[in-house]
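Here the structure comes first, spelled out in structure tokens, and everything after it is commentary.
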Amino acid sequence: MQAIATERYARTRALFERGLKVIPGGIPGHLGPVQSQFIPVDSYLFYVERAKGSRFWDVDGNEFIDYMCAFGPNVLGYNNELVDQAAARQSQLGNCMPMPGEIQVELAELLVETIEIADWAFFAKNGNDVTSLAVMAARAHTGKTKTVLFKGGYHGVAPWTQKHGRPGITREDLANNIYVKWNDLEGLENVIRRQKDEIACLMATPYHHPIFEDNALPAPGFWQEVERLCRANDIVLAVDDVRAGFRLDLAGSAHYFGFTPDLAAYCKAIGNGYAISALVGRDELRSAVTDVFYTGSYWSSAVPMAAAAATVRELHRLDGANLMLRLGSALTEGLRERAGDHGIRLRISGAPSMFYMSIPSDDSLRSMQTFSSECARRGVFFTSHHNHFINCSLTDDDIARTLEVADEAFDVVAKTHPKATQGE
Ligand SMILES: Cc1ncc(COP(=O)(O)O)c(C=O)c1O
């Protein structure tokens with residue numbers, strides 16, 4: 001293991017040694033090796049030098065076909081020229097100024113035209129800014145305090161989104177959360193029956209995409225019943241589309257699944273890498289969002305707004321969500337076949353544009369770690385235990401090369417992990 005790290009990733013490791021001295025943990029958060037989903041850590045790079053289209057190059061000069069897309073923001077392809085040109089034009093005019101630019105109105109109009117439920121848009125920087133705003137707006141609107149969440153759902157890192165027992169998190173931080181299981185309508189109904197007078201908000205991702213476990217689509221009729229329960233009990237229904245937004249449907253993931261939330265939180269895919277997030281919502285929530293006190297130093301910056309407007313227009317031109325679903329289907333069908341050629345039953349869950357991979361016959365998860373590690377060594381960037389992301393610039397050649405690499409990687413898995421070939 002050490003050999004891979006030292007030969008292939010010499011500069012990455014040297015840089016990390018420097019980073020460790022001046023940055024807590026070397027690389028903060030989930031991108032650092034301490035909290036990483038890139039397991040085994042030795043098989044992966046830590047620092048990227050440049051990226052273009054569907055590929056990136058690490059600081060050691062290794063090239064990768066990328067299926068993580070910077071955890072989602074890369075939706076059109078890295079350094080997309082149209083987006084970068086729009087950003088550069090705005091930059092000539094000004095970015096962080098005393099007041100917002102005209103582009104703020106233009107972008108809001110574009111989102112209102114694009115996303116089915118949107119009557120208005122509010123801009124911030126990160127996904128967590130807008131999931132937190134959704135909860136505050138729901139409280140302001142209903143005069144109630146609690147939020148229903150689905151266990152294992154991820155909505156950011158603000159204290160209210162975290163888990164009991166994590167350093168720095170108190171019971172009080174989580175006191176207003178009520179957790180139910182994904183797709184468990186009976187459990188949800190029980191909670192709402194008992195606590196409807198306290199529940200301000202139900203927040204959920206459009207489908208369940210936790211880490212370290214198979215992802216789950218909504219059961220037939222699930223969302224329609226959730227919506228009915230929320231409407232009947234004065235609960236604001238907020239969809240966290242930070243991850244899936246624009247990778248299922250440009251009109252919103254709720255449109256894809258056929259329901260109508262009150263609020264939807266967006267971030268990753270709307271700016272193609274420029275820092276911007278948005279909460280969009282229905283007219284009923286307009287005055288609550290106007291009333292809450294909520295702002296940030298860079299939230300009105302015009303450059304990311306120009307980049308976002310160009311991104312959304314290009315996604316329309318390409319029919320981006322359907323393109324990514326198609327590319328994801330071609331890739332995942334190929335992966336399943338290649339795995340099958342080696343006697344491995346690969347399970348793909350979630351949407352094809354955001355697929356999750358597992359080998360269910362090995363519950364130790366090690367087979368999957370070996371697979372992603374062997375792929376990383378050969379220049380294909382998958383993670384072991386997180387959903388992947390497709391972007392619009394992925395080519396047929398990228399997919400063909402990925403399948404060649406996957407074939408070799410599954411061969412190694414089959415030879416080194418007897419459980420992987422046992423099927424279910
Ligand atoms: C579903 C979901 N919600 C919220 C967030 C938080 O977004 P951010 O990291 O931009 O604050 C994420 C980030 O991964 C996410 O996937």
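Scanning the range 374-424 for residues that are closer than 30 Å to Ile270 by Cα, assigned to a helix (DSSP H, G or I) and open to solvent by 10 Å² or more (accessible area, probe 1.4 Å) turns up Asp396, Asp397, Ile399, Ala400, Arg401, Leu403. Among the conditions (1) closer than 26 Å to Ala140 by Cα; (2) within 16 Å of the ligand (Cβ to nearest atom); (3) touching a Pro at 6+ places or on another chain (Cβ under 8 Å), the only one that Glu227 does not satisfy is (2).
Counting only strands (runs of 3 or more DSSP E) that fall entirely inside the range 139-219 and contain at least 3 residues that are out of contact with any Leu (no Cβ under 7 Å at 6 or more places or on another chain) and either more than 16 Å from the ligand (Cβ to nearest atom) or open to solvent by less than 30 Å² (accessible area, probe 1.4 Å) (or both), the qualifying elements are 146-150, 199-204.
Return the pair list, or none, for Cβ contacts closer than 7 Å from residues in the range 258-279 that are part of a loop (DSSP other than H, G, I, E, B) to residues that are modelled with pLDDT under 95 and crowded, with 24+ Cβ neighbours inside 10 Å, at least 6 apart or on different chains. If the second residue must be modelled with pLDDT under 95 and crowded, with 24+ Cβ neighbours inside 10 Å, no pairs are left. In the set (1) away from the ligand (no atom under 16 Å from the Cβ); (2) crowded, with 20+ Cβ neighbours inside 10 Å; (3) within 29 Å of Met305 (Cα to Cα), Gly72 fails one condition alone, (1). For Pro360, the criteria (1) in a loop (DSSP other than H, G, I, E, B); (2) crowded, with 20+ Cβ neighbours inside 10 Å; (3) not aliphatic (A, V, I, L, M) hold in every case but one, which is (2). Filtered by the rule that a residue be open to solvent by less than 40 Å² (accessible area, probe 1.4 Å) and either closer than 11 Å to Thr12 by Cβ or not aromatic (Phe, Trp, Tyr) (or both), the range 26-45 gives Gly26, Ile27, Gly29, Gly32, Pro33, Ser36, Gln37, Pro40, Asp42, Ser43, Tyr44, Leu45. In the range 235-256, is there at least one residue being loosely packed, with under 15 Cβ neighbours inside 10 Å and out of contact with any strand residue (DSSP E or B) (no Cβ under 6 Å at 6 or more places or on another chain)? No: zero hits.
For the range 104-129, the tally of residues that are within 16 Å of the ligand (Cβ to nearest atom) and open to solvent by 50 Å² or more (accessible area, probe 1.4 Å) stands at 1.
The values are calculated or read from the model by the stated rules, or taken from the named source; none is laboratory data. What you are looking at is a predicted structure, and each value in this text was computed from that prediction instead of being measured. For neighbour counting, all protein chains shown are included, and Cβ atoms are generated from backbone atoms with ideal geometry for every residue, glycine included. SASA here: full protein model, heavy atoms, side chains in, ligands and nucleic acids out. Shrake-Rupley method; radii C 1.70, N 1.55, O 1.52, S 1.80 Å.
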